[in-house]
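Please read the structure below before turning to the comments.
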Amino acid sequence: MNSKKIKNYLPQILTLLTIILIFGFFTFNAQINMDNRGIDFGFGFLKQEASFDIQFSLIEYSGTDTYFRAYLVGLINTLLVSVIGIFFCTIIGVIVGIARLSPNYLVEKLATIWVEFFRNIPLLLQLFFWYYAALRALPLPKDAVNFFDISYLSVKGWYIPKFVWTNFSIFFYSVIVAAISIFFIYRFAKKQREETGKYVPAFLLSFLTIIIVPALTFLIAGVSLSFEYPVLSQMTKTIFNFKGGVGIPPELMALALALSLYTSTFIAENVRAGIMGVGKGQKEAAASIGLTTGQILKLVVMPQALRIIIPPTTNQYLNLTKNSSLAAAIAYPDLVLVFAGTAMMQTGRAIEIISITMLTYLTISLSISALMNWYNKKVAIKEK
Amino acid sequence: MINNLIFKKPNVNNLKQYVSIGLLFLTFSFLDVFLNSLFKINLTSALPGFISFFLPLIIGFIGFYLIRIEHTGNVFLDTANKKINLTPFNSVLTLLSIFVLVKYIPLLLNWLIFEANISGTTKEDCTGNGACWVFIKVWIKRFMYGMYPNAEQWRINTAFLILFVTVGSAFFIPEKYKKYLISFSILGLPLIAFILIYFLISGGFFGLEWVETGAWGGLSLTFIVSFFALIFCFPIGVFLALGRRSDLPAIKYSSIGFIEFWRGVPLITVLFMSAVMFPMFLPDGVYMDKLIRAIIAITLFEAAYMAEVVRGGLQALPRGQYDAAKSLGLGYWRMNFLVILPQALKLVIPGIANTFLALVKDTPLIYVVGLLELVGMIGLGKTNPKWLGMATEGYVFAGVVFWVICFSMSRYSQKLEKELSTER
Amino acid sequence: MIKSLKSFTYLLVSVALLIGLQSEAFAAKKSKTLKNTIKKDFVRCGVSQGLPGFSNADAAGNWSGVDVDVCRAVAAAVLGDSGKVKFTPLSAKERFTALTSGEIDILSRNTTWTLSRDADIGLTFVGVNFYDGQGFMVRKDSGITSVNQFKNGISACTNIGTTTELNMRDFFNSKKITYEPVAFEKADEVVAAYDSGRCDTYTTDKSGLAAQRTKMKNPDEHIVLPETISKEPLGPVVRQGDSVWEDIVRWSLNVMIEAEEYGITSANADSMKTSENPQIKRLVGAEGELGAALGLGNDWSINIIKQVGNYGESYKRNISDTGILPNRGPNQLWTKGGLLYVPPAR
């Protein structure tokens, strides 16, 4: 009896003791080192004035704002490039994944080459290639690549027209209202189908709603949209710039490109595994009860495939978000570059800043994982 | 007669005429694109721009329509039809793919090979429009070995040779000793690796000149970091996986905490931590080498991913194995090392190979702590005043090297997966 | 009687030895860094990743520059051989942590002396070896000849985490000009970005501008604008808390400057031992016990002057003769109108 208890408790106590010892050792040393150097530990620096500017920011920021605001700017930039990357990598990934299953020999081989090519080259190398080799070779603004005179691509960035709204909030609310009504339309259609067997053209109705409701706001609510086009302006004899419009910095473009292309390969493999994972019997049974190809895809294959596709794909989205920290290698002001780079170098508070940065990423990862676990439990096929 | 040709659907009867006309159309359409891209000759310049742009597509489409005949009996035609010409949509896809290939592959080959320069020793020797491979040729030793002294480079080669021989021999030992394989790879291999790195590559003993870690670099550093991180992260990952599946709560939750922490943060922040934070945690005056800190950081990071891979294998084993081992009276450790782990690890060899692949692809990040492996060395070379503007050549070279390594490894792991799945 | 005399003598001798050893070990004991340096037999010096004139390695791996010479001076003073230095190239990000963590003992990397760096991060600046200021570089064909011609929307490349970044902001704000800061970690990347046209102007310390210009594809295509927008006193840095090591580095630099003031060069240092001027004699170690106060031998200062040269020789060798900055500018002795005025070594 006793020996069993010892066997149970001794290892645990030893493990806990070791962990406490290691942490204690680190903290003790850190304390001594900081005392010796006259550095103190504290998060008060977050309220200090940052006094450096950030190249690209979605929210208002100037050098007189605090380090905490700089942290927020970095965080938003990270999320921005992650969202853009996720959007494009999903589209590309789905297309390539389906192409991998195509009966067409050429298309399938090309898709395979795509996947094998972008997957086996390190992401950092791809990023360097896009930023230092490809985008650096773009022409100066004077000879910028011209897209129908409304958009220009140069070494300084991609300039696109800026949306200038009046009464944007009304338009925004109308879109929300349309989205909610679409949700109710679908519920209504489903209920009708189950109760009376009548078919309600839900898709057509939703399509009309999403078009008409926002369009109405233009007509009756005074919403209007105009565009501000980028215009080439001469600063000096040889230096030109674009005024007006929105300038997308080449750093953002290179990072989004590299992330999308690299992650799209993993998404493609996931999609392929998902669709292949739906048994052939399912498709045959669905066909035998008279469903059309489109209906088979929508009602039988996709729901089952999604169950296989979504968990690893969410993992890949998470990886993409973590990989966006490579922005520190090119000058894109994401969380790592702004906070764990500039801010850390100016204040010298390495421990605090790196802890905050790691904690931020950890929070993002853990929340997405928790969400994924909840989704998995909800759609899990309960095995007997 | 012409009416019949145009309006009758192609079938086996008028095979010969349709196929020949179809092939004619196809040839014309491909030729147009080819000449246009490579020699800038526009065969259809007589027509207005819009039509001449889409003409190859239309002609090709008609050509494919004409040769789409089922069950002709001609093997070549049938396979071609099945593979690239199944439906009209398919034929459009095929056409577009071929056009893209024909348009860009010659340009690529031109840049890579035909107009490239490889002879010479300075940038001025690159006279052509193509790639300047002289840059790679001149810097190759640096890219491979970093700043490691030329005379001592045999030491790195020897170290890797010994490592390969050791790992390779594991496949050839007699059955009797196979059960000790796991213990060897968990305990013996790290020790050998450590000895190799400390005495052979770093040196300073037995008459070998000491080479500081700041001088290590290039592709050899990539391999050093990858191999040694893998060898060290494997045992840690196994222990973490076992810990996570343990019934003792303290051990279980510490393992979970450790794994989830390292999996949730990006590698670049971990490397920052090792470069900037970690020195603060050491006693005053104790200084740990930069490379060792980086390897420790990468090892711990990958150990968490390895733990998840091993856990997958442990979970896949049927409970019967555990019960049978326990009924034989085997204790916890003997059960795991002699019965459970050998089977579980065999299941997840592809997963381990994938982790190693990810490790190799993650090594370029150590440039943030100032260590220059292959990508870092290329960055150094391209900003050298004598060689400005060689970024593309450098990164293409690095890309090719990494691609060859990673592709072979992934192919090998796929082969392993097939072999092992049939075994069961 | 004889026995007790013998033991008493032994006692006396041991006490004398103890006191004698202690006084020399005293200075060494008070400084861990000095002890470690003597034990290792080389000075660990943190330098830049390649800035001509300040710290730059040639193809064979030999370092030269005015920052390099500061470390060599310390090596000559402490170990008697100015060649006993190990150089560690550092980026702007790791330079301070390399020093605080103990990877290097002196940071001689054209670092600007500011309050926050001195007080806040556990470091101590021990002097100024180059008085500089921040400036801008533009292409000659852009037609810009003064910073007053900068317009809204200009893009400026610089190094991340430097005083340059902060000063740039202050400058453009004061002129009410909107600008786009593009900040890289490695100086080479900054230069490449400016050279390719990604940025319209490149800004850093004017000495850095002059040095980097020599590394560009066509140096003649670029000019450094005349205005100086900030004070940048560049000097060596050591860890806080080791006052003996601090003094050694500080006075090694001061000796170099004062030697030039008194006309002592590496060539005539030996002959100066018989000089009439007592200060000169002190500087060459022919008089006084200055070395002992620092825990060094008495030939510490003459070793510096003979092996590294005085400040003027170092400047000429690295900066004027290489064409980076032909004139001394503010880096001239106070007796000739410059800013170099150091406390006397006595």
Study note, to complete from the structure: Which of B:Ala358, B:Ala159, B:Ala324 fluctuates most in a GNM of chain B (C-alpha springs under 10 Å)? That residue is B:Ala324
Check your understanding: Per-residue ellipticity at 222 nm for chain B, helices alone: DSSP H runs ≥ 4 residues times -39500 (n - 2.57), over residue total, nearest 500 deg cm²/dmol?
Key -> -21000 deg cm²/dmol
Practice item. Would you pull out the residues with amide H under 5 Å of C:Ser155's amide H, same chain only if 5 or more places away, H placed 1.01 Å from N? Key: C:Glu180, C:Asp200, C:Thr201
Review point. How well do other chains shield peptide C:230-236, expressed as the mean number of their Cβ atoms within 10 Å of each residue Cβ?
Key: 0
Review point. Can you pull the three principal axis extents for the Cα set of the range B:220-344, in Å, largest first?
Key: 53, 35, 26
Exercise for review: Just tell me which aspartates and glutamates come within less than 20 Å, Cα to Cα, of B:Lys83; anything on the same chain fewer than 8 places away is out.
Suggested key: A:Glu108, B:Glu70
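At 10 °C and a viscosity of 1.306 mPa s, what translational diffusion coefficient does Stokes-Einstein give for the protein assembly as shown, taking Rh as the Kirkwood radius over Cα pairs? Give it in µm²/s as a whole number. Working shown, then result.
On the way: Rh = 34.6 Å.
My calculation gives 46 µm²/s for D.
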Exercise for review: Calculate I(q)/I(0) for the range B:254-320 by the Debye formula, one identical point scatterer on each C-alpha and no solvent, and give its log10 at q = 0.14, 0.15, 0.20 Å⁻¹ to two decimals.
Suggested key: -0.52, -0.57, -0.84
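What number in nm² do you get for the range C:122-179 if you take the convex hull of its Cα atoms and divide its surface by four?
Seen from a random direction, the Cα hull of the range C:122-179 projects 5.7 nm² on average.
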Exercise for review: Note the angle between two axes, namely the Cα long axis of helix B:249-264 and the longest principal axis of the Cα atoms of chain B, as a number of degrees from 0 to 90, rounded to the nearest 10.
Suggested key: 40 degrees
Review point. Which three semi-axes in whole Å describe the equivalent ellipsoid of the range B:318-359, each the square root of 5 times a Cα gyration tensor eigenvalue, listed largest first?
Key: 27, 10, 6
Revision key, fill the gap. Dividing the surface of the Cα convex hull of chain B by four yields a projected area in nm² of 32.8 nm²
**Study point:** Neighbouring partner chain Cβ atoms per residue of C:152-160, average, 10 Å criterion
**Key:** 4
Practice item. Nearest 5 is fine: what % of DSSP beta bridges in the protein assembly as shown come out antiparallel, could you say? Key: 70 percent
Review point. Among B:Phe232, B:Phe28, B:Phe402, which one shows the biggest mean-square fluctuation in a GNM of chain B, springs joining Cα atoms closer than 10 Å?
Key: B:Phe28
Practice item. Report, to the nearest 10°, how far helix B:290-316 tilts away from the longest principal axis of the Cα atoms in chain B, using its own Cα long axis and a range of 0 to 90°. Key: 80 degrees
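Which helices count as membrane-span-like in chain C under these terms: full DSSP H, at least 18 Å along the axis by C-alpha, Kyte-Doolittle mean of 1.6 or more? Don't jump to the answer; show the numbers that get you there.
Values: long enough: C:2-30 (40 Å, 0.86); C:66-79 (19 Å, 1.64); C:243-261 (26 Å, 0.01).
Answer set is C:66-79.
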Exercise for review: Identify unpaired cysteines across chain B, taking unpaired to mean no other cysteine Cβ lies under 4.7 Å from the residue's Cβ.
Suggested key: B:Cys233, B:Cys406
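In chain A, which helices (entire DSSP H runs) extend 20 Å or more along their own long axis, judged by Cα positions, while averaging at least 0.0 on the Kyte-Doolittle scale?
Helices meeting the criterion: A:2-37, A:67-100, A:105-119, A:168-196, A:202-220, A:250-277, A:350-379.
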Revision key, fill the gap. With the 8 Å Cα cutoff and a minimum separation of six or more residues, the range B:292-424 has a relative contact order in percent of 25 percent
Review point. When the Karplus curve 6.51 cos²θ - 1.76 cosθ + 1.60 is applied with θ = phi - 60°, which whole-Hz ³J(HN,Hα) does each residue of the range B:145-152 get, with x for Gly and Pro?
Key: 10, x, 8, 4, x, 4, 5, 9
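Output the direction-averaged projected area (hull surface divided by four) of the convex hull of the alpha-carbon atoms of chain C, in nm². Before the final figure, lay out the partial values.
On the way: hull surface 84.9 nm².
Mean projected area of the Cα convex hull: 21.2 nm².
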Review point. Quick one: length gained pulling A:Tyr186 to A:Lys283 fully straight, 0.36 nm per residue minus the C-alpha distance?
Key: 32.4 nm
Practice item. Stick to Cα atoms and the Kirkwood definition of Rh, then tell me Rg/Rh for the range A:2-41. Key: 1.37
Exercise for review: Would you list which aspartates and glutamates come within 13 Å of B:Lys361, measuring only between C-alpha atoms, while excluding same-chain residues fewer than 8 positions from it?
Suggested key: B:Glu302, B:Glu373
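State the dimensionless ratio Rg/Rh of the range C:134-230 (Rg: radius of gyration of Cα atoms; Rh: Kirkwood radius). Don't skip to the end; give the middle numbers.
Numbers: Rg = 11.9 Å, Rh = 13.1 Å.
Expressed as Rg/Rh, it is 0.91.
Loop only per DSSP, at most 14 neighbouring Cβ atoms within 10 Å: give me the trypsin sites (Lys or Arg not before Pro) in the range A:222-299, ordered by residue number.
Numbers: sites: A:Lys237, A:Lys243, A:Arg272, A:Lys280, A:Lys283, A:Lys298; in loops: A:Lys237.
Taking the range A:222-299 and a limit of 14 other Cβ atoms within 10 Å, the loop trypsin sites (Lys or Arg not before Pro) found are A:Lys237.
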Check your understanding: Quick one: which of C:66-75, A:141-150, B:298-307 comes out on top by average Cβ neighbours within 10 Å, and what's the full order, highest first?
Key -> C:66-75, B:298-307, A:141-150
Check your understanding: When each pair of different Cα atoms in chain A is counted once in the 1/r mean, what is the Kirkwood radius in angstroms, to one decimal?
Key -> 25.9 Å
Review point. With chain A treated as a Gaussian network of Cα nodes joined by springs under 10 Å, which of A:Tyr173, A:Tyr61, A:Tyr361 yields the largest mean-square fluctuation?
Key: A:Tyr173
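Please find the FRET efficiency linking C:Phe42 to A:Leu58, where r is the Cβ-Cβ separation and R0 is fixed at 56 Å, and quote it to the nearest 0.05.
Values: r = 50 Å, r/R0 = 0.90.
Efficiency, rounded to the nearest 0.05: 0.65.
Applying a 10 Å radius around every beta-carbon, put C:102-108, B:273-279 in order of their mean neighbour count, most first. Display every interim value, and only then the final one.
Details: C:102-108: 25.0, B:273-279: 23.0.
Per-residue Cβ counts within 10 Å, averaged per peptide and sorted highest first, yield C:102-108, B:273-279.
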Exercise for review: For A:Lys377, go through the lysines and keep the ones whose alpha-carbon is under 27 Å away, minus same-chain ones fewer than eight residues off.
Suggested key: A:Lys190, A:Lys191, A:Lys280, A:Lys283, A:Lys298, A:Lys322, B:Lys252
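A short reminder: the numbers here are calculations on the coordinates, not readings from a lab. Since the model is a prediction, treat every value here as computed from it, not as a measurement. A quick note on method: Cβ atoms are made from the backbone with ideal geometry, for glycine too, and the neighbour counts reach across all protein chains shown.
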